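*Asks:* Sharing a structure below in structure tokens format, with a few things to ask.
The values are calculated or read from the model by the stated rules, or taken from the named source; none is laboratory data. This one's a predicted model, so the numbers in the text were calculated from it and none came from an experiment. In this analysis, Cβ positions are derived from the backbone assuming ideal geometry, glycine residues included, and neighbour counts consider all displayed protein chains. Calculation scope for accessible area: heavy atoms of the full protein, side chains included, ligands and nucleic acids excluded. Shrake-Rupley method; radii C 1.70, N 1.55, O 1.52, S 1.80 Å.
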Amino acid sequence: MTDTATTASSDTAELTFAVTKNLAAKSPAQREEILQNPGFGTNFTDHMVDICWSEKGGWHRPRVQPYGPISLDPAAAVLHYGQEIFEGIKAYRHADGSVHTFRPDRNAERLRRSARRMALPELPTEHFVQSIRELIAVDGGWVPSGADQSLYLRPFMFAKEAFLGVRPAKKVAYYLIASPAGAYFTGGVKPVRIWLSKNYARAGKGGTGAAKTGGNYASSLLPQSEASAQGCDQVVFLDQDGNVEELGGMNVMFVYKDGRIVTPQSDTILEGITRDSLLQLAEDRGLTVERRAVSLDEWRQGVASGDIVEVFACGTAAVVTPIGALVSDDFEDQQPLGELAMSLREELTDIQYGRREDKHGWLVRVD
Ligand SMILES: *Cc1c(COP(=O)(O)O)cnc(C)c1O
């Protein structure tokens, strides 16, 4: 695999974005009304960023333009072969009004890893972070200031070349859109019931499980429906060796009685930035962190014996969610609930919202 981290400096020089203001932008009053109760993923800001890529011209034509429909040729490769990747990252408003993102370099690096796997071009980290700054420069008023609210940023990239042959597209688009997000848990954190999917996998060895690509989500929708039909909130997937993978949108952590915190590791798991950050905070507290395979048997026996004292899921959207039950067609294991998950959640969100010292230098101011 070639390492393109050493791109020529001309590739990573600041881009000059052409800015077209949205003349039909929401009024401050309309915006405030939405920010009162933004929900998740249904309201969008007034603008979006787009940058084109072509085999010949590289990254070019960076723009900030009014949010709106994308015009695509019906033969655009993404519509047929799913060559698409995305990211998820939040912008937080601090008490002094400033706006910060959390470890955006990590999202940029992961977008590049996903790009390599999906044969898409790598957007330089500098351009990724700059695209966030450009959008916040015009839509900063959309970063809410209520408790646990944020502006959810959704960068994505797809093959837009009109060509039905099967090969990596020679024309690609990168976009960044943003959606205000309310507190994930209204009325307190509720432990979730997790359905163990025995019939379906989200990824296979050598597949795309470690890339943040739409297809992984598409294949998780049917098992997710199965989970809902069984009265569960989410699905947990196993790999072909019977090891625990993840929930398909959140990583999993196991807390042991002796102070170890263990998270499954394999090349079919998407490595979460929330997971990595929580493990760092756990390490700072003197806990022992293990990244390794965890079998379903280890999980079930650990809970039965009392060695496992807490199980939780984590990801950018919900941050931390305690797992209250593991359910399958032939068993239902209640999960022990402890204090660590919520205490780590509080520490992490305190850092993100500027209420606690950012010892690791994770925050990047973007306004
Ligand atoms: C995005 C994602 C996660 C969580 O990653 P974070 O960086 O913590 O948000 C976990 N699993 C999958 C499959 C994902 O796409």
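*Asks:* Just checking, how many residues over the range 314-367 are part of a loop (DSSP other than H, G, I, E, B), under 24 Å from the mean Cα position of the chain (by Cα) and of a type in the set (S, T, N, Q)?
*Replies:* Within the range 314-367, residues that are part of a loop (DSSP other than H, G, I, E, B), under 24 Å from the mean Cα position of the chain (by Cα) and of a type in the set (S, T, N, Q) number 1.
*Asks:* Please give the number of the condition Ser145 fails out of (1) touching a Gly at 6+ places or on another chain (Cβ under 9 Å); (2) open to solvent by 50 Å² or more (accessible area, probe 1.4 Å); (3) without any contact (Cβ under 8 Å) to a residue 40 or more places away in the chain.
*Replies:* Of (1) touching a Gly at 6+ places or on another chain (Cβ under 9 Å); (2) open to solvent by 50 Å² or more (accessible area, probe 1.4 Å); (3) without any contact (Cβ under 8 Å) to a residue 40 or more places away in the chain, only one is false for Ser145: (3).
*Asks:* Filter the range 20-36 for residues that are loosely packed, with under 14 Cβ neighbours inside 10 Å and not in a helix (DSSP H, G or I) and give the result.
*Replies:* Passing the criteria: Thr20, Lys21, Leu23, Ala24, Ser27.
*Asks:* Identify the residue in the range 283-314 that is open to solvent by less than 10 Å² (accessible area, probe 1.4 Å) and within 16 Å of the ligand (Cβ to nearest atom) and, among all such residues, is farthest from Ala181 (Cα to Cα). Let's see the steps before the verdict.
*Replies:* First, the residues of the range 283-314 that are open to solvent by less than 10 Å² (accessible area, probe 1.4 Å): 294, 299, 302, 308, 311-314.
Okay, now just the ones that are also within 16 Å of the ligand (Cβ to nearest atom), so 294, 311-314.
Details: Val294: 33, Val311: 26, Phe312: 22, Ala313: 19, Cys314: 17 Å.
Ranking the qualifying residues of the range 283-314, first place goes to Val294.
*Asks:* Looking only at the range 161-198, count how many residues are closer than 26 Å to Val78 by Cβ, free of Cβ contacts under 8 Å to residues at least 24 places away in the same chain and either in the same structural domain as Gly315 (by TED's automatic domain parsing) or open to solvent by less than 50 Å² (accessible area, probe 1.4 Å) (or both).
*Replies:* Residues that pass the stated criteria total 1.
*Asks:* Separate question: Of Val262, Val252, which residue is open to solvent by less than 30 Å² (accessible area, probe 1.4 Å), over 16 Å from Gly88 (Cβ atoms), within 11 Å of the ligand (Cβ to nearest atom) and part of a strand (DSSP E or B)? Step through it out loud before you land on a result.
*Replies:* Numbers: Val262 fails: within 11 Å of the ligand (Cβ to nearest atom).
Among Val262, Val252, only Val252 is open to solvent by less than 30 Å² (accessible area, probe 1.4 Å), over 16 Å from Gly88 (Cβ atoms), within 11 Å of the ligand (Cβ to nearest atom) and part of a strand (DSSP E or B).
*Asks:* Right, here's the next one. Quick check, is Val303 free of Cβ contacts under 8 Å to residues at least 60 places away in the same chain, touching a Gly at 6+ places or on another chain (Cβ under 9 Å), assigned by TED's automatic domain parsing to the domain that holds Glu226 and farther than 30 Å from Tyr152 by Cα?
*Replies:* Spelling it out, it is not the case that Val303 is free of Cβ contacts under 8 Å to residues at least 60 places away in the same chain, touching a Gly at 6+ places or on another chain (Cβ under 9 Å), assigned by TED's automatic domain parsing to the domain that holds Glu226 and farther than 30 Å from Tyr152 by Cα.
*Asks:* Checking Ala173 against (1) away from the ligand (no atom under 13 Å from the Cβ); (2) closer than 24 Å to Leu247 by Cα, which test does it fail?
*Replies:* All conditions pass for Ala173, except number (2).
*Asks:* Counting just the residues of the range 204-226 that are within 15 Å of the ligand (Cβ to nearest atom) and aliphatic (A, V, I, L, M), which one comes out most open to solvent (accessible area, probe 1.4 Å)?
*Replies:* Per the stated criteria, the residue is Leu221.
*Asks:* Tell me, please, whether a residue that is in contact (Cβ under 8 Å) with a residue 60 or more places away in the chain and of a type in the set (Ser, Thr, Tyr) can be found in the range 270-291.
*Replies:* yes
*Asks:* Within the range 79-123, how many residues turn out to be open to solvent by 30 Å² or more (accessible area, probe 1.4 Å) and in a helix (DSSP H, G or I)?
*Replies:* The qualifying residues number 10.
*Asks:* Working only within the range 323-332, note down all residues that are away from the ligand (no atom under 16 Å from the Cβ) and crowded, with 16+ Cβ neighbours inside 10 Å. Working first, answer last.
*Replies:* Of the range 323-332, the ones away from the ligand (no atom under 16 Å from the Cβ) are 324-332.
Those that are away from the ligand (no atom under 16 Å from the Cβ) and crowded, with 16+ Cβ neighbours inside 10 Å: Gly324, Ala325, Leu326, Val327, Ser328.
*Asks:* Determine which member of the set Ala201, Ala108, Ala115, Ala91 is within 16 Å of the ligand (Cβ to nearest atom) and assigned by TED's automatic domain parsing to the domain that holds Asn251.
*Replies:* Answer to the check: Ala201.
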